[in-house]
Amino acid sequence: MIRLTLALAVWAGCVTAAPAALAPRKESLLFGKEAQHRHDAQAPRAALAVVEARSPASDYVVTEETEVLVNGKPCRYSEVPANATILRMELGPDSRTVFKVHFRATTATSTPPSGR
């Protein structure tokens with residue numbers, strides 16, 4: 001009885017694999033580095049330039065009404081030290097306008113950065 005069961009299992013495995021072995025081979029899909037190189041080569045340069053031109057320089061807008069605190073003390077945004085990190089930032093309904101931004105600086109006597 002075991003021989004019959006084993007023979008049936010081997011036969012079922014061979015029968016299901018036989019059509020796959022006889023089928024013609026299809027062109028394989030490109031995955032990995034080749035696909036990425038083809039995609040990059042096909043991307044239109046003019047479209048990429050338009051997208052880059054539309055992107056804003058900054059994602060957030062700081063206004064005169066924005067509350068800026070460094071180590072719990074109010075100051076101007078231009079006076080925020082370069083080593084300060086953002087602790088908390090509240091945005092407006094448009095998710096761009098900054099209402100409040102709280103910074104923490106390691107030293108209070110740091111010089112302001114030239115880019116801000």
>> Can you report the number of residues in region 68-91 which are outside any helix (DSSP H, G or I) and surrounded by 12 or more Cβ atoms within 10 Å (Cβ to Cβ)?
In response: 15
> Based on what the data block shows, is residue 61 in contact with a strand residue (DSSP E or B) (Cβ under 8 Å, 6 or more places away or on another chain), surrounded by 13 or more Cβ atoms within 10 Å (Cβ to Cβ) and modelled with pLDDT under 90?
Replying inline: yes
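The values are calculated or read from the model by the stated rules, or taken from the named source; none is laboratory data. Please read all numbers here as calculations on a predicted model, not as lab measurements. Reconstructed Cβ throughout: ideal geometry from the backbone, glycine too, with neighbour counts over all protein chains shown.
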